[in-house]
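Single-structure report; data block below.
The values are calculated or read from the model by the stated rules, or taken from the named source; none is laboratory data. Since this is a predicted model, take the numbers as computed values, not measurements. Please note: Cβ atoms are built from the backbone with ideal geometry, for glycine as well, and neighbour counts cover all protein chains shown. The area values use the complete protein model at the heavy-atom level, side chains included, leaving out ligands, DNA and RNA. Shrake-Rupley method; radii C 1.70, N 1.55, O 1.52, S 1.80 Å.
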Amino acid sequence: MRSILWIFLALAAVVIIVVIIGSLLPRDHVATRVGKYHQSPEKIWATITDVDAMPSWREGLKSVQRLPDRNGLPAHVEFTNAGKMPMETMEMTPPRKLVNRIAGSHLPFGGTWTFEVEPARDGATLRITENGYVTNPLFRFVSRFVLGYTSEIEKYLRSLAKNFGETPQISE
C-alpha cells in the first residue's frame, strides 16, 4: 500500500513539474520549414488549395467538410485523428501565398499557417510558417519538448512530397 502511495506522489510531482515548466514557456511561437519539389509553383498551388482532395494525400487527415466562404475566401473543417479543426483562409494570392487560420476558439492552441510557393531550379519550394499559440501549460510543454513545433509542418511537407511521388526534401 505504501509503494502505491509513493508511486502516486511521484506521478503527481512529475505532472506538477511539467505544468510549472509549461507555464514558464512562452504562449506564442513561430516555426518554419521549407520543402523542395520537382513541380511547378502552379502544380503545388493547385494541390495545396484543393481542399476536397487533401484527405487522399495528407497523412492524418480523414476528411474535410466545406463551409460557406467567409469574407469571400474559403473555409472548411478538417477531421483528423485528433478531432475536428475549423479552418478559414485569411489571404489568398495565387499561386504564391496562402494564409489559413484555425478558426476554433474552443481549442487549446491556434494560429495561422502561411504557405509561400516560390519558383526554384528544377521546380519550386513551399515554405510553411506557423505563427501559433498554445494556451494550456501541459499542452505547451508537450508541444515544445515532446512533439516539437515543426512536427505538423514536416508531416504536411512529407505528405505533399509523397503525393508527387518524390522523396521529401525538407530544410529550415
Which of [x] 18.9, 67; [y] 15.8, 49; [z] 30.1, 96 gives Rg and Dmax of the Cα atoms in Å as computed here? It is [x]
Full extension between E91 and R27 adds, at 0.36 nm per residue less the Cα distance, a length in nm of 20.6 nm
With all protein chains in place and a 1.4 Å probe, S63 shows an accessible area in Å² (nearest 10) of 50 Å²
Sorted list, accessible surface of protein heavy atoms, 1.4 Å probe, largest first, for H38, H29, H106 is H106, H38, H29
Stokes-Einstein D for the stretch 14-115 (20 °C, 1.002 mPa s, Kirkwood Rh from Cα pairs), in µm²/s, comes to 136 µm²/s
Rounded to the nearest 10 Å², the accessible area of I20 using a 1.4 Å probe with every protein chain kept is 90 Å²
accessible surface per residue for the stretch 88-148, probe 1.4 Å, DNA/RNA/ligands not counted, whole Å² -> 51 Å²
If R0 = 30 Å, then F145 and D122, at their Cβ-Cβ distance, give a FRET efficiency to the nearest 0.05 of 0.20
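Determine the order of F164, F79 by accessible area, beginning with the largest, at a probe radius of 1.4 Å. Please report the intermediate quantities before stating the final value.
Numbers: F164 35, F79 60 Å².
In descending accessible area the options line up as F79, F164.
Are there any helices in the chain, counted as whole DSSP H runs, that stretch 27 Å or more along their axis by Cα and score at least -1.0 on average by Kyte-Doolittle, and if so which? Display every interim value, and only then the final one.
Numbers: long enough: 2-24 (33 Å, 2.60).
Helices meeting the span and hydropathy rule in the chain are 2-24.
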With every protein chain in place, the accessible area of K84 for a 1.4 Å probe, in Å² rounded to the nearest 10, comes to 130 Å²
Count of lysine pairs, the chain, Cα-Cα under 20 Å, sep. 8 or more residues or interchain, comes to 11
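Using the Cα gyration tensor of the stretch 90-144, with a ≥ b ≥ c the square roots of its eigenvalues, what is the shape: rounded (a/c below 1.5), prolate (a/b larger than b/c) or oblate (neither)? If you can, show how the numbers build up before the last one.
Values: a/c = 5.72, a/b = 2.04, b/c = 2.80.
It comes out oblate by the Cα gyration axes.
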